[in-house]
Amino acid sequence: MAAAEDPADLARRIAGALRAAVEAEEAFGTVDLLLPERSRARASWATAAEPDIPAEATPEDARDIPTLEAMVSGCRRCHLAESRTQTVPGDGAHDADLLVVGEAPGAEEDRRGVPFVGRAGQLLTKMLAAIELDRSEVYICNVLKCRPPGNRNPEASEIASCLPFLKRQIDLVNPKVILALGAPATRTLLETRDGITKLRGRIFPRHGARCVPSFHPAYLLRNPAAKREAWADLQLVRRLLDE
Ligand code: SF4
């Protein structure tokens, strides 16, 4: 029979294994520990604070972004609540000069509860870096806070149900510039049916900010030739932020 392990050796071995696991998490980004700090804080805050939010409260009642994000976490205003893994309210600086709006969470965002973390999100991070912005400096969200099944396009009724959350996010963050990515975000913000090709690269006053429509990073991944126009749009955003 093998001799019993010395308790001190066992404790050292467990501590070493835990240290190695944490280092691997940080290096490779594999599980929930990899959520951005802000998102983990939001998740625990929301759990603790939800009982304090009156059932009849509306998005307009939210006095700050954490309260609004907690409201989103419990939202069942549309049928996407049935199929989501979790809500994806938003992420980033609550007083950002730039607010980025996409369409809806994808599979990876639905799994992690953070917007723009899949391949399109990685491209967005690079696009922001190209105009000297770190992700943590901007606020990033989507028109819809829950994933449509199979990544289908958002339905008009879903957008109508979710829009009060986006409007309140814009009010609370109060950005100088809104970067609208893709047709659904642009059409929602500008209340138009015009196509993104016609609207991109122009400046529209919206919600007290200047809105610049551009291509969604997912589209750029499929159509790399459009990156030239997207780069011009980003340079416009940079100029507006610098004014
Ligand atoms: S998509 Fe928006 S309105 Fe629909 S359940 Fe999710 S948070 Fe609520």
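Once backbone amide H atoms are built at 1.01 Å from N, R206 has C211 as its partners under 5 Å, excluding neighbours fewer than 5 places away on the same chain. Surface exposure of region 110-243, expressed per residue as accessible area with a 1.4 Å probe, stands at 46 Å². Under the simplified labelling scheme, the D242-H79 pair shows an inter-label distance of 4.9 nm, with each label point 7 Å from Cα along Cα→Cβ.
Could you calculate the FRET efficiency of R119 with D194 from 1/(1 + (r/R0)^6), where r is the beta carbon distance between them and R0 is 22 Å, rounded to 0.05?
FRET efficiency, R119 to D194: 0.20.
A simple spin-label model places pseudo-atoms 7 Å from Cα toward Cβ; at E56 and A130 they are separated by 5.0 nm.
Give me the extension gain from L221 to F204: residue separation times 0.36 nm, minus the current Cα-Cα distance, reported in nm with one decimal. Mind dumping the intermediate values first?
On the way: separation 17, 0.36 × 17 = 6.12 nm, distance 2.58 nm.
Extra length from L221 to F204 when fully extended: 3.5 nm.
The residues neighbouring L220, those whose beta-carbon lies less than 12 Å from its own, together hold a net charge of +4 under the Lys/Arg +1, Asp/Glu -1 convention. Straight-line reach only, C-alpha to C-alpha below 21 angstrom: list the lysines that K145 could link to, leaving out same-chain residues fewer than 8 apart. The qualifying lysines are K167.
Classify region 116-232: rounded, prolate or oblate, from the alpha-carbon gyration tensor (a ≥ b ≥ c, eigenvalue square roots; a/c under 1.5 rounded; otherwise prolate if a/b is larger than b/c)? The partial results should precede the final answer.
Numbers: a/c = 1.29, a/b = 1.16, b/c = 1.12.
It comes out rounded by the Cα gyration axes.
How large a share of the accessible area of region 162-243, in percent, is made up of carbon and sulfur atoms when the probe is 1.4 Å and the other protein chains stay in place? Solvent-exposed carbon and sulfur of region 162-243 make up 49 percent of the total. Applying the criteria of a DSSP loop state and at most 10 other Cβ atoms within 10 Å to the trypsin sites (Lys or Arg not before Pro) of region 148-241 yields R152, R193.
Please say if region 179-243 is rounded, prolate or oblate, where rounded means a/c under 1.5 for a ≥ b ≥ c the square roots of the C-alpha gyration tensor eigenvalues, and otherwise the choice is prolate for a/b larger than b/c and oblate otherwise? Oblate.
The values are calculated or read from the model by the stated rules, or taken from the named source; none is laboratory data. Note that this is a predicted model, so its numbers are computed, not measured. Because the Cβ atoms are built from the backbone with ideal geometry, glycine has one as well, and the counts that use them run over all protein chains shown. Accessible surface is based on the protein model in full, side chains and every heavy atom, while ligands, DNA and RNA are left aside. Shrake-Rupley method; radii C 1.70, N 1.55, O 1.52, S 1.80 Å.
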